[in-house]
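Reviewing the structure listed below.
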Amino acid sequence: MNIHAVRVIYKYEMLRAWHTLLQSFASPVISTVLYFVVFGAAIGSRIEQVDGVSYGAFIVPGLIMLALLTHSIANASFGIFFPRFTGTIYEILSAPISFVEILIGYVGAAATKSFIIGIIILATAGFFVPLEIAHPFWMLLFLILTCISFSLFGFIIGLWAEDFEKLQLVPLLVITPLVFLGGSFYTIDMLPPAWQTVTLFNPVVYLISGFRWSFFEVSDVSVWVSLSVVSGFLFICLVTVWWMFKTGYRLKH
Amino acid sequence: MGIFSVSFVFMKKPIVSISNLSKTYASGFVALKGVNLDIAEGEILALLGPNGAGKTTLISIICGIVNASSGQVLVNGQDNVKNFRSARALIGLVPQELTLGAFDTVWNTLNFSRGLFGKKPDPAYLEQLLKDLSLWDKKDSLLLTLSGGMKRRVLIAKALSHEPTILFLDEPTAGVDVELRKEMWALINRLRKSGVTIILTTHYIEEAEGIADRVGIINNGELLVVEDKLALMHKLGKRQLKIDIEKTISKIPESLSAWELTLFEDGQSLLYTYDPNRQQTGVAKLLRTIDSEGLLIKDVNTSQSSLEDIFIDMVNK
């Protein structure tokens, strides 16, 4: 294991976030607080409880997931895309470092940043709504798995994208709709029957459901199904990255 | 160097050994066609070739940046794909483009490079390196604030930050001023003295002529020749004899036709091109014949064709 290489990549990526503190940490927290104010306090006060949970508290897990997914992808995709764009990737490719070590450095840093954002948002939510976490271990497990798997997904996008437009394409056109339609603000049974079936094809539903269960023991699908879907997604991302490095896809033309 | 350099190169074991290396890009462009090359430990090898000849592709494959289509590269006996860790750890690369991050400091980017190659931090070594490259006073400067010449030196410092034994310089003096170019040449000589093997690509023939031990000429993905620089010039170089005469003539006399002379526009100089390695160069007889024609020789001077002439000859064949 080239531990020095992992250390410098991880440190470099974390420093990048530190240099842009407002953009990296303050901005997602402020956006999520606005969701709490609008949906939790203003509109939420007029909505009945959902499965015995106040609406303001009900949306907390979904909002955390929304921030985690968005920022995991953004951090990891930009982290690897920018060296490709500027040409400095030559140094990574010519160094005695395996793809696993590259992943630990880049994806580890992106996942760490997302994890910090998740914890800050969770703490901030406590100021707006009364929160209890029924299963802290499961909550942390879902949090960490989501940070890692979506940072991996972002890393794949960063390797695939050829320009800044493509870099934004997947997060804007795929991820944001999936999260909004993934039960962040409602339970599946609030939807018409046909849409309930359609929404089961959305992997984000399983993420939010499992994460919400860890807070309130309320879920759309079994927590084990949620865990399997997240783990499966993580596995697919790992295999994809492995293939990209093995073939040199978009890296070693 | 001369003959000494030939024996020096052959005595040393190859530190890089390339066999049947080929590369065809996805577009169908064939960049390398079965290149074979051994690079001796401690030598300076200059790779010459026009744009698109395959120089950068060759370097990129050795360094692990580009996958080869076929063939093998051994670095100090280690396959650069199967044993990439031990192979790449020995190599430093200075790319052709000024590819540097914008918002890092010189000091941070050097530490980053050193760490990437698995070396633990060594501030004393990096300090000396920056001092050697006249960059010490810029160690806290952001990379985007540096001039082109300084960025080039930072790239060299990054390549040397992990103390490599093989250094690839891809057009190191492209676009740099004369003073910096001379500094680079001096640096390359210092590195060679410290035992570093240096492979450089260049467009500047005088660069190869000035600092290389051996010269390789690449064109259309093929390595046309790799030879000791002086031996190459000796083998392929032509010698020219310019004879200035007192009389002005409009036509070369019939008696001199055997030498295939060229008459200068002013009608007062003749040029004879010959192979200096031939036993009978014909120079003495030529001079006697000119004299007997009564053209009155005023001056003679000879010149050896340069690497540039050899290079142009070879790529145009």
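The values are calculated or read from the model by the stated rules, or taken from the named source; none is laboratory data. None of the values given here were measured: they were computed from a predicted structure. Reconstructed Cβ throughout: ideal geometry from the backbone, glycine too, with neighbour counts over all protein chains shown.
Details
- Residue in the stretch A:157-179 that is in contact with a Pro (Cβ under 7 Å, 6 or more places away or on another chain) and assigned to a helix (DSSP H, G or I) present: no
- Matching residues in the stretch B:23-59 - criterion: being of a type in the set (S, T, N, Q) and either over 25 Å from B:Ala186 (Cα atoms) or not assigned by TED's automatic domain parsing to the domain that holds B:Ile218 (or both): B:Thr24, B:Ser27, B:Asn36, B:Asn51, B:Thr57
- Restricting B:Ile44, B:Ile61 to those that are within 25 Å of B:Tyr204 (Cβ to Cβ), away from chain A (no Cβ under 11 Å) and at pLDDT 90 or above reduces the list to B:Ile44.
- Qualifying residue in the stretch B:184-195 (condition: polar (S, T, N, Q) and either surrounded by fewer than 19 Cβ atoms within 10 Å (Cβ to Cβ) or outside the structural domain of B:Phe117 (by TED's automatic domain parsing) (or both)): yes
- All positions within the stretch B:83-100 that are closer than 27 Å to B:Gly148 by Cβ and either in a strand (DSSP E or B) or out of contact with any helix residue (DSSP H, G or I) (no Cβ under 8 Å at 6 or more places or on another chain) (or both): B:Ile91, B:Gly92, B:Leu93, B:Val94, B:Glu97
- The one condition in (1) crowded, with 21+ Cβ neighbours inside 10 Å; (2) farther than 29 Å from B:Phe168 by Cβ that A:Leu131 fails to fulfil: (1)
- Matching entry among B:Leu180, B:Leu110 (being touching a residue at least 40 places away in the same chain (Cβ under 8 Å) and more than 21 Å from B:Gly42 (Cα to Cα)): B:Leu110
- Which numbered condition B:Leu74 fails, given (1) free of Cβ contacts under 8 Å to residues at least 40 places away in the same chain; (2) part of a strand (DSSP E or B): (1)
- The listed residue being crowded, with 18+ Cβ neighbours inside 10 Å and in a loop (DSSP other than H, G, I, E, B), out of B:Leu230, B:Leu295, B:Leu241: B:Leu295
- Look at the stretch A:90-105: where a residue is within 8 Å of chain B (Cβ to nearest Cβ) and a partner is charged (D, E, K, R) and crowded, with 23+ Cβ neighbours inside 10 Å, sitting 6+ places away or on another chain with Cβ atoms under 8 Å, you get A:Glu91/B:Lys158; A:Ser94/B:Arg88; A:Ala95/B:Arg88; A:Pro96/B:Arg88.
- Test result for B:Glu207, assigned by TED's automatic domain parsing to the domain that holds B:His162, in contact with a strand residue (DSSP E or B) (Cβ under 8 Å, 6 or more places away or on another chain) and modelled with pLDDT under 85: yes
Residues checked against (1) modelled with pLDDT of 85 or more; (2) of a type outside the set (Ser, Thr, Tyr); (3) within 34 Å of the chain's Cα centre (by Cα):
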{"position": "B:Trp259", "(1), (2), (3)": "no, yes, no"}
{"position": "B:Phe264", "(1), (2), (3)": "yes, yes, yes"}
{"position": "B:Leu270", "(1), (2), (3)": "yes, yes, yes"}
{"position": "B:Pro276", "(1), (2), (3)": "no, yes, yes"}
{"position": "B:Thr281", "(1), (2), (3)": "no, no, yes"}
{"position": "B:Arg288", "(1), (2), (3)": "yes, yes, no"}
{"position": "B:Asp299", "(1), (2), (3)": "yes, yes, no"}
{"position": "B:Gln304", "(1), (2), (3)": "no, yes, yes"}
{"position": "B:Ile310", "(1), (2), (3)": "no, yes, yes"}
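- Test: residue in the stretch B:247-257 that is assigned to a helix (DSSP H, G or I), in contact with a helix residue (DSSP H, G or I) (Cβ under 8 Å, 6 or more places away or on another chain), not assigned by TED's automatic domain parsing to the domain that holds B:Gly42 and not basic (Lys, Arg): yes
- Condition check for A:Leu191: within 18 Å of A:Tyr35 (Cβ to Cβ) and either in contact (Cβ under 8 Å) with a residue 40 or more places away in the chain or not hydroxyl-bearing (Ser, Thr, Tyr) (or both): no
- Pairing residues of the stretch A:9-23 that are within 15 Å of A:Thr112 (Cβ to Cβ) with residues that are among the hydroxyl-bearing types (Ser, Thr, Tyr), at Cβ distances under 7 Å and at least 6 apart in sequence or on separate chains, gives A:Ile9/A:Tyr106; A:Glu13/A:Tyr106; A:Met14/A:Thr112; A:Ala17/A:Ser24.
- Test: residue in the stretch A:196-217 that is under 30 Å from A:Ile133 (Cβ atoms), more than 14 Å from chain B (Cβ to nearest Cβ), without any contact (Cβ under 8 Å) to a residue 24 or more places away in the chain and more than 21 Å from the chain's Cα centre (by Cα): yes
- Residues within the stretch B:102-161 that are crowded, with 18+ Cβ neighbours inside 10 Å, more than 25 Å from the chain's Cα centre (by Cα) and more than 14 Å from chain A (Cβ to nearest Cβ), tallied: 5
- Taken together, the residues in the stretch A:89-140 that are within 14 Å of the chain's Cα centre (by Cα) and either farther than 30 Å from A:Ala41 by Cβ or in a loop (DSSP other than H, G, I, E, B) (or both) amount to 6.
- Positions within the stretch A:59-88 being more than 19 Å from the chain's Cα centre (by Cα) and more than 12 Å from A:Leu167 (Cβ to Cβ), in sequence order: A:Pro83, A:Thr86, A:Gly87, A:Thr88
- Residue within the stretch B:167-177 that is in a helix (DSSP H, G or I), small (Gly, Ala, Ser) and over 26 Å from B:Ser17 (Cα atoms) present: no
- Sole residue being in a helix (DSSP H, G or I) and under 19 Å from A:Met14 (Cα atoms), chosen from B:Phe112, B:Phe103: B:Phe112
- Count - residues of the stretch A:76-89 that are within 12 Å of chain B (Cβ to nearest Cβ) and aromatic (Phe, Trp, Tyr): 2
- So A:Leu68, is it in a helix (DSSP H, G or I), away from chain B (no Cβ under 14 Å) and surrounded by fewer than 24 Cβ atoms within 10 Å (Cβ to Cβ): no
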